[in-house]
Structure formats: structure tokens, C-alpha cells
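Note sheet for the following structure.
No lab work stands behind these numbers, since they all come straight from the coordinates. Keep in mind it's a predicted model, so treat the numbers as computed, not measured. With ideal geometry, Cβ positions are generated from the backbone for all residues, glycine too; neighbour counts draw on all protein chains shown.
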Amino acid sequence: QVQLVESGGGLVQAGGSLRLSCAASGITFRANAMGWYRQAPGKQRELVAVMSAGGGTNYADSVNGRFTISRDNAKATVFLQMNSLKPEDTAVYYCNAKRWSSYWGQGIQVTVSS
């Protein structure tokens, strides 16, 4: 079955950095668009960043220039490098794989203290 397992979250001070990883199995990784979404308490889940199978990227305006998505097809892993973190980045971050179907990871908490 499909598994997406996130890691790398935690607590960081404002201005700090974190790197999230998502290891995928059960899918043809290189053929999937891979993305990161987040959901803060009381808010809807929102797109953070996505990378197509061809390597094209798209970012939310709120993270553009601070976050970078990348992927390692050989390791079936997608990354999200988060720099200059702000308290408003606090959320549960979810990994997503999309091709014919959409799959989600279990989510990982990122907390940015002021």
C-alpha cells in the first residue's frame, strides 16, 4: 500500500530553519507530483509548495523566497527546506503525492515560537 512518512518537524524559534522530509513507498515516485500542505488550528489546509514530476515548482505567496521544495527520485523522498521561519508558519505539515490518485502522509507538527 501507499505510505508517505514525514519527518523533521519540531519546535524552533522565529528566524530559524527546519528541513522536512517525506519518504514515499508504494507509488511510482518519479511519476508523481509531490507537494507540501499545512493546516493551522481553525484554518483550512493550504498549499505550501508543490513540485511536478518534471521538476516545476509552485509556492504559496506567504512562503515564496523562504521555503524550497526538492526531491530525490532515487530515494523516493521529497524535502521542504524552511528558512526564516515565522510564528504564522506554525501548523501541521502534510506530504502529498498526486498522479491518478492523491495520497497523504499522517502530518507532522511544526511550531515556531516568537
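Where in the range 20-114 are there trypsin sites (Lys or Arg not before Pro) that are in a DSSP coil and have at most 16 other Cβ atoms within 10 angstrom of their Cβ?
In loop regions of the range 20-114 (DSSP not H, G, I, E or B), the sparsely surrounded trypsin sites (Lys or Arg not before Pro) are 43, 45, 66, 75, 99.
When the scattering of the chain is computed by the Debye formula from its Cα atoms alone, each counted once and equally, what is log10 I(q)/I(0) at q = 0.09 Å⁻¹?
-0.21
Provide the gained length on full extension for the span residue 31 to residue 1, in nm with one decimal, where the gain is 0.36 nm per separating residue minus the Cα-Cα distance.
In short, 9.1 nm is gained.
What nm value, rounded to one decimal, do you get for the distance between residue 62 and residue 83 when each label is placed 7 Å out toward the C-beta?
2.1 nm
What's the local net charge at residue 32, with K and R +1, D and E -1, over the other residues with C-beta under 10 Å away?
Net charge around residue 32: +4.
I'd like the distance between the alpha-carbon centres of the range 20-82 and the range 91-114, rounded to an integer number of Å.
Taking the Cα centre of each part, the range 20-82 and the range 91-114 sit 8 Å apart.
Taking 0.36 nm per residue of sequence separation and subtracting the Cα-Cα distance, how much length would be gained by fully extending the chain between residue 100 and residue 19, in nm to one decimal?
26.4 nm
Amide H neighbours of residue 86 under 5 Å, counting only residues 5+ apart in sequence or on other chains, H built in-plane at 1.01 Å?
Placed amide hydrogens put 15 under 5 Å from residue 86.
Which chymotrypsin sites (Phe, Trp or Tyr not before Pro) does the range 42-114 hold that lie in a coil by DSSP with at most 13 other beta carbons within 10 Å?
Passing sites in the range 42-114 are 100.
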